[in-house]
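Readers should treat all values here as calculations from the given coordinates under stated rules, not as data from a laboratory. Computed from a predicted model, the values in this text were never measured in an experiment. Neighbour counts run over all protein chains shown; Cβ positions are idealised from the backbone, glycine included.
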There are 2 protein chains.
Amino acid sequence: MTTPPDMTRRVTMRDVARAVDMSPMTVSRALRGDQTVNPDTREKVQAAATQLGYVYDTTAQAFRTQKSGFVAVILPSINNANFAETYRGLTDALVESGLQILLGSTGYSVEKEEALVRQLLARNPQAIVLTGGHHTDETRALLAGARVPVVEVWDLPSDPLGHVVGFSNADAMTDLVRHLADGGRRHLAFLGAEPETDRRGAARLDGLLAAAADLNLPPPKVIAAGPAPISMRHGASVVTDMGRDVTDFNALVCVSDPVAFGAMTACQRLGIKVPEQIAITGFGHFEVAAVSNPRITTVGVYASQIGSRTAAVLQDIFAGQTSPQFIDVGSELILGETS
Amino acid sequence: MTTPPDMTRRVTMRDVARAVDMSPMTVSRALRGDQTVNPDTREKVQAAATQLGYVYDTTAQAFRTQKSGFVAVILPSINNANFAETYRGLTDALVESGLQILLGSTGYSVEKEEALVRQLLARNPQAIVLTGGHHTDETRALLAGARVPVVEVWDLPSDPLGHVVGFSNADAMTDLVRHLADGGRRHLAFLGAEPETDRRGAARLDGLLAAAADLNLPPPKVIAAGPAPISMRHGASVVTDMGRDVTDFNALVCVSDPVAFGAMTACQRLGIKVPEQIAITGFGHFEVAAVSNPRITTVGVYASQIGSRTAAVLQDIFAGQTSPQFIDVGSELILGETS
DNA sequence: CCTCATATTGTTACCGATAACATGTTACCG
DNA sequence: CGGTAACATGTTATCGGTAACAATATGAGG
């Protein structure tokens with residue numbers, strides 16, 4: 001009587017090899033589609049693998065080849081249509097290369113980003129994609145020490161860690177302010193999160209202030225709706241709290257479309273006419289801006305393109321290209337009915 | 001003159017061990033905080049590790065211990081506030097256990113789900129979380145063969161693969177239809193994606209039909225806005241295309257809040273008064289439902305709780321609990337101004 | 001001064017796949 | 001018919017941690 005087979009041990013290539021009376025090496029080659037293996041053999045191997053319920057062990061492969069098959073991606077939030085689109089663009093393009101995304105979200109905290117970088121680097125990612133150009137010193141040191149290509153997306157940092165795929169928040173704001181000024185809107189207010197908690201929003205604010213100064217508009221009022229992330233309800237409650245004081249301004253420039261939408265509905269509830277009494281603009285070309293009533297003037301940002309262009313940059317890197325790329329995908333002013 | 005150190009090789013525990021003149025085992029223990037190692041030794045080891053820029057190799061650990069530290073999570077879409085919330089609830093709760101999420105999104109396709117299951121199983125996840133109870137036979141076979149705990153979330157499948165954390169779409173619809181009927185709305189229409197492409201929506205539709213029959217309402221009209229996923233613009237364009245015909249109904253029950261919002265704004269543009277001429281309801285308690293004007297009557301679904309409860313189930317599983325859990329987190333009718 | 005528990009560190013083997021190299025077989029050439 | 005290229009498969013060592021077990025040192029108790 002022999003020992004019963006251990007039902008808890010996983011099926012390995014060795015088991016498959018035994019079943020077809022071949023070496024594990026041949027099984028490995030057959031399953032990966034190596035052309036040197038005889039077609040008959042390949043078929044037999046595949047049949048045996050299926051029959052035994054063999055499941056390939058990517059961990060072992062990653063360990064042996066020292067290639068994890070991972071690309072680490074760190075986003076501020078996953079609950080944001082724009083970032084989600086970037087994620088999708090990246091995923092779709094990376095599938096073809098057999099790469100998988102290892103996702104982390106920081107909740108807009110650089111400290112959490114640092115912890116994530118540390119955690120994700122331990123997984124040996126073949127590249128790491130970060131959102132924005134603002135990081136802790138420790139993060140920068142970690143990334144400099146690791147031999148991993150870095151891509152920063154969504155902004156155009158002045159001091160890039162490596163490659164960059166993004167757009168200029170300042171340029172976008174310049175277009176937007178010019179449009180508002182052309183329409184006779186001179187008294188602007190900016191509604192966003194506390195700038196320290198949202199660097200991207202802060203960059204938009206800076207762009208707004210610079211553009212306003214360029215056009216000799218009076219200095220815009222800055223309204224902070226609390227720490228990032230802020231969304232529809234924050235936009236709404238700020239305007240509700242301000243009441244009719246919002247009409248001190250010609251235009252309310254919001255850090256994002258959801259915020260703008262909240263602000264707009266609050267205005268409507270207060271009986272303030274948009275855009276007659278106040279213009280409202282958003283940022284990001286979220287679906288709500290195109291469907292709301294009135295449609296919200298916004299800035300289109302090609303979020304999914306940021307993802308796919310990033311994937312293309314990664315392909316180049318894996319193909320041996322080393323010189324840092326700096327890609328500006330641009331943005332586009334999208335006129336709605338609120339300005 | 002000695003050979004220069006190979007600058008490309010990664011720093012391993014062996015290197016750290018050499019630096020402090022100890023065995024790699026001691027380094028391993030020190031870095032993991034094993035209490036048996038002398039405090040002085042631990043400090044020396046940590047200092048050397050930092051100094052050498054040592055980065056822990058989770059891949060090697062995963063390989064050796066046969067524990068990947070991964071929980072595979074498969075969602076239909078990441079660009080959906082509800083699923084994103086579930087993801088966040090899960091992540092937040094799992095961080096404490098040192099587990100990482102390996103995310104996949106199916107785009108509402110069971111075939112893509114199958115491919116993802118295959119791919120993710122190869123990473124040796126310690127558990128796998130699927131959305132919904134509808135899977136291909138091959139997927140079911142794969143999961144049955146793998147010795148991995150399975151949790152299905154967001155629905156209450158009649159034939160669960162393992163554990164379940166969800167709510168009853170049918171129950172939710174019963175409440176909703178009763179509310180509408182109480183308000184004198186008897187002629188209902190359901191606006192959703194093509195049922196074959198959206199099982200969750202189909203479950204809601206089934207619930208609606210059953211509830212309507214129970215209350216002796218005339219059979220609701222079913223309107224399909226195309227393959228899943230559908231969102232604001234689909235809701236809007238369906239209503240726009242129908243024009244004033246929508247007022248053939250008392251109430252338009254939408255598969256989700258975004259769809260309801262689109263339908264509502266289209267009504268407004270057509271000059272159809274909501275709720276006077278037609279009630280509109282959504283599903284999911286998205287932010288837009290609470291902020292829009294009028295606020296949309298909807299069903300609250302505790303998305304983040306699904307995530308955290310799922311994490312709790314996983315903890316139980318890792319602690320040895322084996323009997324399948326079946327958790328109904330319920331849902332809640334949230335009255336707005338559109339019904 | 002010996003015994004034995006406690007504290008600390010070391011040794012060995014191994015997780016599963018695969019790169020690099022070696023071997024065996026067939027086929028075709030002059 | 002010997003030689004060699006082309007094809008197909010096998011052997012060995014290895015990636016970086018860590019479980020299991022072994023070994024040594026230290027100190028308390030008798």
Subject >> Qualifying GluC sites (Glu not before Pro) in the range A:49-121, DSSP loop, other Cβ atoms within 10 Å at most 16 >> reply: A:E96
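Tell me the relative contact order for chain A as a rounded percent, counting alpha carbon contacts under 8 Å between residues six or more apart.
Relative contact order comes out at 15 percent.
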Subject >> Cβ-placed point charges (K, R +1; D, E -1), dipole of the range B:169-300 about Cα centre in debye, nearest 20 >> reply: 280
Original post:
Antiparallel as a % of all DSSP beta bridges within the protein assembly as shown, to the nearest 5?
Top reply: 10
**OP:** Report, in deg cm²/dmol and to the nearest 500, the calculated mean residue ellipticity at 222 nm for chain A, where each DSSP H run with n ≥ 4 adds -39500 (n - 2.57) and the sum is divided by the residue count.
**Re:** -13500 deg cm²/dmol
**OP:** May I ask which residue of B:N79, B:Q61, B:S23 lies farthest towards the positive end of the charge dipole of the range B:1-139, with charges of +1 (Lys, Arg) and -1 (Asp, Glu) on Cβ and the Cα centre as origin?
**Re:** B:S23
Subject >> Protection proxy ranking of A:121-130, B:173-182, B:316-325 - average other beta-carbon atoms within 10 Å, highest first >> reply: A:121-130, B:173-182, B:316-325
Subject >> Under 14 Å from the A:R186 label point (7 Å along Cα→beta-carbon), backbone N, the range A:228-259 >> reply: A:249-251
**OP:** Report the one residue of B:G133, B:V274, B:L205 whose Cα lies farthest in the direction of the positive end of the charge dipole of chain B (charges on C-beta: Lys and Arg +1, Asp and Glu -1; origin at the Cα centre).
**Re:** B:G133
Subject >> Cα convex hull of the range B:13-56 - mean projected area over all directions, nm² >> reply: 2.5
Original post:
Classify the range A:169-300: rounded, prolate or oblate, from the alpha-carbon gyration tensor (a ≥ b ≥ c, eigenvalue square roots; a/c under 1.5 rounded; otherwise prolate if a/b is larger than b/c)?
Top reply: rounded
Original post:
Once you charge only the Cβ atoms, +1 for Lys and Arg and -1 for Asp and Glu, what is the size of the charge dipole of chain A about its Cα centre, to the nearest 20 debye?
Top reply: 880
Original post:
Once the Cα gyration tensor of chain B is diagonalised, what are the square roots of 5 times its eigenvalues, in whole Å and ordered largest first, as equivalent ellipsoid semi-axes?
Top reply: 52, 20, 17
**OP:** Calculate the spin-label point distance for B:D34 paired with A:E96, positioning each point 7 Å from the Cα along the beta-carbon direction, and give it in nanometres.
**Re:** 4.8
**OP:** Using Cα centres only, tell me the gap between the range B:102-119 and the range A:113-134 in whole Å.
**Re:** 24
**OP:** Please work out the ratio of the alpha-carbon Rg of the protein assembly as shown to 2.2 N^0.38 Å and round it to two decimals.
**Re:** 1.06
Subject >> When each of B:K221/B:K273; A:K273/B:K273; A:K112/B:K67; A:K273/B:K221; B:K112/B:K221 is checked by Cα-Cα distance, pairs over 27 Å >> reply: A:K273/B:K221; B:K112/B:K221
Original post:
What does the charge dipole of the protein assembly as shown about its Cα centre add up to, to the nearest 20 debye, if the Cβ of each Lys and Arg holds +1 and the Cβ of each Asp and Glu holds -1?
Top reply: 1180
**OP:** Report the GluC sites (Glu not before Pro) located in the range B:195-287 that are in a DSSP loop and have at most 12 other Cβ atoms inside 10 Å of their Cβ, or state none.
**Re:** B:E276
Subject >> Most positive-pole-ward Cα, B:H234, B:P218, B:V246, against dipole of the range B:169-267 from beta carbon charges >> reply: B:V246
